[in-house]
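Following: one structure in structure tokens, then a few remarks.
Nothing in this text is a laboratory measurement; each read-out follows from the coordinates by a stated rule. From a predicted model like this one, the values you see are computed outputs, not experimental measurements. Cβ placement follows ideal geometry from the backbone for every residue including glycine, while neighbour counts extend to all protein chains displayed.
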Amino acid sequence: MEEEFELQRVFQRDINCLVDEDRNLRRRALDSLNKGLFKSEHSEQDILQLFKRSLLRNLLRVVSDKVEKNRELSIQILAKFFEQVKNIDNDLVNSIIREATSRLRETPFPEQSEELRLQLIHLLMLIFKKGYTQPYIQNLSEIMHTISKVLADSYAEIKREASQFVINLSHGISDSVGGHSMAVIKSLAKNLSHQHAKVRKATIESLGELLLTRDAGDHLKEVMPSIKQSANDKMSDVRKSTYQIIARLLNQFSPSLLRDYETELVQLLLNGLSDDNEEVVKTCQALIEEVGKNVRQIEGEGRIIEEQPVA
């Protein structure tokens, strides 16, 4: 307990200076916290209590500071907090998520710096990777709205990172994310026409993962033209990723979705056999074999069920 209040005593002036009108005082306070707070001699629990009592409230105000360097330092401190402290209270996590998304959720972006927008996305991804899924579910509508805006960012690296964020969410909260996916799916479809092949490849991969989550597959009809475009992309890596996604949709879609889309998806996959890239052709051959094997297995299981005697 004494160590806990000692940490408060050491950094109280810095915490107070975070809201001072003097930008230089705010900068020095941020430097002091960034360099001194996360040293090994300070326990996780003491740092957590300091954030809860007074630090977080003032620090979140600096996330929207007029000075870019101050905003950068505040984001760095928040990232270090999640990297080094475990079992952070959900109310603290909620506050941080909401402040981070507030800098990204509308265009033109309140955060004008491309690099800081990227850091904010990295912060949101870090929080999710640390296992704080419940706050994300609680704020999912706002988060997905934010991602849909970020995917329209002119900075290619941000588009790629936002696509990776979609993949992370699709894997981590697959039962929840699909219900809020419409705006994100539309933004991803637009990025399939982006000038950079790396963006297009990241986009088709994240679009596929999102479509496979609960309730998202119903939106396939609206993006099918974009997927067809991706299957004819000028870059073989993008075409290869597209065919891999198409095969996954065929293998993992529910029977009800397959009734609507199976014929079209199969035809797309078969088109890959005439690709001018040998590696893509071989990939499609293997994918077609895998899909066929899966279909035969499902049909076999169906026959077994039908043949079982009625009790």
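So how tilted is helix 90-102 from the main axis of the chain? Cα-based, degrees 0 to 90, rounded to 10.
On a 0 to 90 degree scale, this one is about 80.
From the helices alone, meaning DSSP H stretches of at least four residues, give me the mean residue ellipticity at 222 nm for the chain, per-run term -39500 (n - 2.57), in deg cm²/dmol to the nearest 500.
-23500 deg cm²/dmol
Name the residue farthest towards the positive end of the dipole of the chain from the options A231, S64, L123, assuming +1 on Cβ of Lys and Arg, -1 on Cβ of Asp and Glu, about the Cα centre.
S64
Beta carbons within 10 angstrom, averaged per residue: use that to sort the peptides 62-74, 278-290, highest first.
Put in order of decreasing packing, that is 62-74, 278-290.
Are any of the pairs K66/K149; K52/K130; K39/K130; K149/K282; K86/K149; K234/K293 more than 26 Å apart by Cα-Cα distance, and if so, which? Numbers along the way, then the final one.
Details: K66/K149 22 Å; K52/K130 19 Å; K39/K130 20 Å; K149/K282 37 Å; K86/K149 30 Å; K234/K293 30 Å.
As for pairs spanning more than 26 Å Cα to Cα, those are K149/K282; K86/K149; K234/K293.
Quick one: helix 2-17 against the long Cα principal axis of the chain, what's the angle to the nearest 10°, folded into 0 to 90?
On a 0 to 90 degree scale, this one is about 90.
Choose one answer from P255, P110, P135: the residue with the largest mean-square fluctuation in a GNM of the chain with alpha-carbon springs under 10 Å.
Answer for the Gaussian network model of the chain: P255.
Using unit Cβ charges (K, R positive; D, E negative) and no other charged atoms, how large, in debye to the nearest 20, is the dipole of segment 1-83 about its Cα centre?
Here segment 1-83 has a charge dipole of around 420 debye.
So for segment 1-83, taking the charge dipole from beta-carbon charges (+1 Lys/Arg, -1 Asp/Glu), which of N24, L48, F81 sits furthest toward the positive end?
Of the candidates, N24 comes out farthest on the positive side.
Tell me the relative contact order for segment 1-83 as a rounded percent, counting alpha carbon contacts under 8 Å between residues six or more apart.
Numbers: 69 pairs, mean separation 26.8, N = 83.
Relative contact order, segment 1-83: 32 percent.
Please compute, for the alpha-carbon atoms of segment 61-115, the extent along each of the three principal axes and give them in descending order in Å.
34, 21, 17
Can you give me the angle between helix 156-172 and the longest principal axis of the chain, using Cα atoms only, in degrees from 0 to 90, rounded to the nearest 10?
Helix 156-172 sits at roughly 80 degrees to that axis.
Among [x] 152; [y] 164; [z] 241, which is the computed volume of the Cα convex hull per residue in Å³?
[y]
For the chain, what relative contact order do you get, as a whole percent, if you take Cα pairs closer than 8 Å and at least 6 residues apart?
Values: 349 pairs, mean separation 30.2, N = 311.
Relative contact order, the chain: 10 percent.
With charges set only on the Cβ (+1 for Lys and Arg, -1 for Asp and Glu), what does the dipole of segment 89-215 come to about its Cα centre, in debye to the nearest 20?
400
Based on the Kirkwood radius over alpha-carbon pairs, what is the Stokes-Einstein translational diffusion coefficient of segment 232-305 at 4 °C with 1.567 mPa s viscosity, in µm²/s?
Answer, rounded: 101 µm²/s.
If we sort 225-231, 292-298, 206-212 on the protection proxy, mean other Cβ atoms within 10 Å, highest first, what's the order?
Values: 225-231: 19.0, 292-298: 12.1, 206-212: 24.4.
Order by mean packing, descending: 206-212, 225-231, 292-298.
Any chance you could run the full-extension gain for H171 through D276? It's 0.36 nm times the residue separation minus the Cα-Cα distance, nm to one decimal. Provide the component values of the computation, followed by the final result.
Working: separation 105, 0.36 × 105 = 37.80 nm, distance 3.31 nm.
Additional length available on full extension: 34.5 nm.
Roughly what would the spin-label model give for T133 and Y155, points 7 Å off Cα along C-beta, in nm?
Inter-label distance under the simple model: 3.0 nm.
Would you mind working out the magnitude of the charge dipole of the chain relative to its Cα centre, with +1 at each Lys and Arg C-beta and -1 at each Asp and Glu C-beta, to the nearest 20 Debye?
Magnitude of the dipole: close to 780 debye.
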